[in-house]
Amino acid sequence: MKRALIIGSEGNIGKPLVKHLKSKGYEVMETDIKPAWRENYIVADINHPVDLLPAFDWGPDVVFLLSAMVSRVTCEQSAGQAIATNLAGINNVLQLCKRADAMTVFFSTSEVYGPECDVMDESLTDPKPNNRYGLSKLLGEKMVEYEVEHHNLKAVTLRPFMMYDENEDLGDHRSAMIRFAYDLARGLPIEVHKGSARGWLHVSDAVEAIERAAHVKDYSVINIGQADIRPIHELAEMIRERLSASKELIKTIEIPGQMTLVKNPTLDRMRDILGYEAKVSLQEGVDRLCTRILRRINKAGLSS
């Protein structure tokens, strides 16, 4: 039985990943900055690595490094915390991974590519992110690569594209799909960025790809995402129709600064190295999301 340490286990990806790994027969240790008390859970901040020592003394075979300061807006607002966490904090974990001789699955972001890539290919040698979040994660990737090349770290880097989960946290800080469904279900207006397009990866596909990364033998950077790229206005219309919301609630605006208009990844490495392709279609994902959102809103008494 493999031992997996998940750093960032309380996040929107960490929680379903824990469940998925256990279903695959892994013995799992969880750690996060969020206070809690339960078996096989350690409260720790990657900026204070001494608190992570018990998790590494446990002897993980693989470490899924999900912890980070995330979000374009948040990282611009809290520059010091973003750089401290996404660089120094990541370095702390990498040193502990080497000490434990553990495989590292580093969770980066599609934001590393920036807006100048027509096709977002992992072989691009000089991506140009246009926000601090993408920049800090790209520098984190460079640290991983350095440790692989010079200190024999076993690792792989994943660049996720637009993952979503019908059970994830609700709120204005979430991705467009979640916000669209949450607001339209309550009769609130949404804003669609003119000309933008994305592919949307359901969490069930995401965790399968992430787990498979633990078996990669040679270091690689791998995009994980959905090949079905759709205009955002099409996504908004799918959600609106599913929720029977008014067309008047959809407003089109220009894309804000420091964002990328179209995200179009190559997914050859996901297929060839991880041996995986997304299974959940956008329509199925929208149906799951809207069904769950309506239940949650009705339960909380938030419907308009």
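The values are calculated or read from the model by the stated rules, or taken from the named source; none is laboratory data. Here the structure is a predicted model, which means the values were calculated and not measured. Note that each Cβ is placed from the backbone with ideal geometry, even for glycine, and that neighbours are counted across all protein chains shown.
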Next on the checklist: Looking at Lys194 and the list (1) outside the structural domain of His150 (by TED's automatic domain parsing); (2) under 16 Å from the mean Cα position of the chain (by Cα), which single condition is not satisfied?
Outcome noted: (2)
Next on the checklist: Any residue in segment 103-121 that is farther than 14 Å from Met162 by Cβ sitting within a Cβ distance under 7 Å of a residue that is at pLDDT below 95 and of a type in the set (Phe, Trp, Tyr)? List the pairs, counting only those 6 or more apart or interchain.
Outcome noted: none
Checklist outcome for this item: Residue pairs within 6 Å by beta carbon, gap of at least six or interchain, first lying in segment 212-231 and closer than 21 Å to Val192 by Cα and in contact (Cβ under 8 Å) with a residue 24 or more places away in the chain, second surrounded by fewer than 18 Cβ atoms within 10 Å (Cβ to Cβ) and of a type outside the set (S, T, N, Q), listed first then second, are Ile229/Ala197; Pro231/Ala197
Next on the checklist: It is to be established whether one or more residues within segment 228-247 are over 17 Å from Leu282 (Cβ atoms), hydrophobic (A, V, I, L, M, F, W, C), modelled with pLDDT under 95 and outside the structural domain of Gly114 (by TED's automatic domain parsing).
Outcome noted: no
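Matching residues to (1) crowded, with 17+ Cβ neighbours inside 10 Å; (2) assigned to a loop (DSSP other than H, G, I, E, B):
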| residue | (1), (2) |
| --- | --- |
| Ile222 | yes, no |
| Ala227 | no, yes |
| Met238 | yes, no |
| Pro256 | no, yes |
| Met259 | no, yes |
| Met270 | yes, no |
| Leu274 | yes, yes |
| Lys279 | no, yes |
Checklist entry - Quick one: what pairs do we get from segment 138-163, first residue modelled with pLDDT under 95, second in a helix (DSSP H, G or I), C-beta under 7 Å, 6+ apart or different chains? => result Met163/Val203; Met163/Ala206
Checklist entry - What number of residues in segment 173-213 are surrounded by 21 or more Cβ atoms within 10 Å (Cβ to Cβ), touching a strand residue (DSSP E or B) at 6+ places or on another chain (Cβ under 7 Å) and not in a strand (DSSP E or B)? => result 10
Checklist entry - Does segment 90-101 contain any residue that is out of contact with any helix residue (DSSP H, G or I) (no Cβ under 6 Å at 6 or more places or on another chain) and either under 16 Å from Ser220 (Cα atoms) or part of a loop (DSSP other than H, G, I, E, B) (or both)? => result yes
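Conditions tested, residue by residue: (1) touching a Cys at 6+ places or on another chain (Cβ under 6 Å); (2) surrounded by fewer than 22 Cβ atoms within 10 Å (Cβ to Cβ); (3) within 22 Å of Leu135 (Cβ to Cβ); (4) not basic (Lys, Arg).
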{"residue": "Pro16", "(1), (2), (3), (4)": "no, yes, no, yes"}
{"residue": "Asp45", "(1), (2), (3), (4)": "no, yes, yes, yes"}
{"residue": "Asp57", "(1), (2), (3), (4)": "no, yes, no, yes"}
{"residue": "Pro60", "(1), (2), (3), (4)": "no, no, no, yes"}
{"residue": "Cys75", "(1), (2), (3), (4)": "no, no, yes, yes"}
{"residue": "Ala82", "(1), (2), (3), (4)": "yes, no, yes, yes"}
{"residue": "Asn92", "(1), (2), (3), (4)": "no, yes, yes, yes"}
{"residue": "Arg99", "(1), (2), (3), (4)": "no, yes, no, no"}
{"residue": "Phe106", "(1), (2), (3), (4)": "no, no, yes, yes"}
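Within segment 146-165, is there a residue that is surrounded by 15 or more Cβ atoms within 10 Å (Cβ to Cβ), over 27 Å from Ile90 (Cβ atoms) and in contact with a His (Cβ under 9 Å, 6 or more places away or on another chain)?
No; the residues of segment 146-165 include none that is surrounded by 15 or more Cβ atoms within 10 Å (Cβ to Cβ), over 27 Å from Ile90 (Cβ atoms) and in contact with a His (Cβ under 9 Å, 6 or more places away or on another chain).
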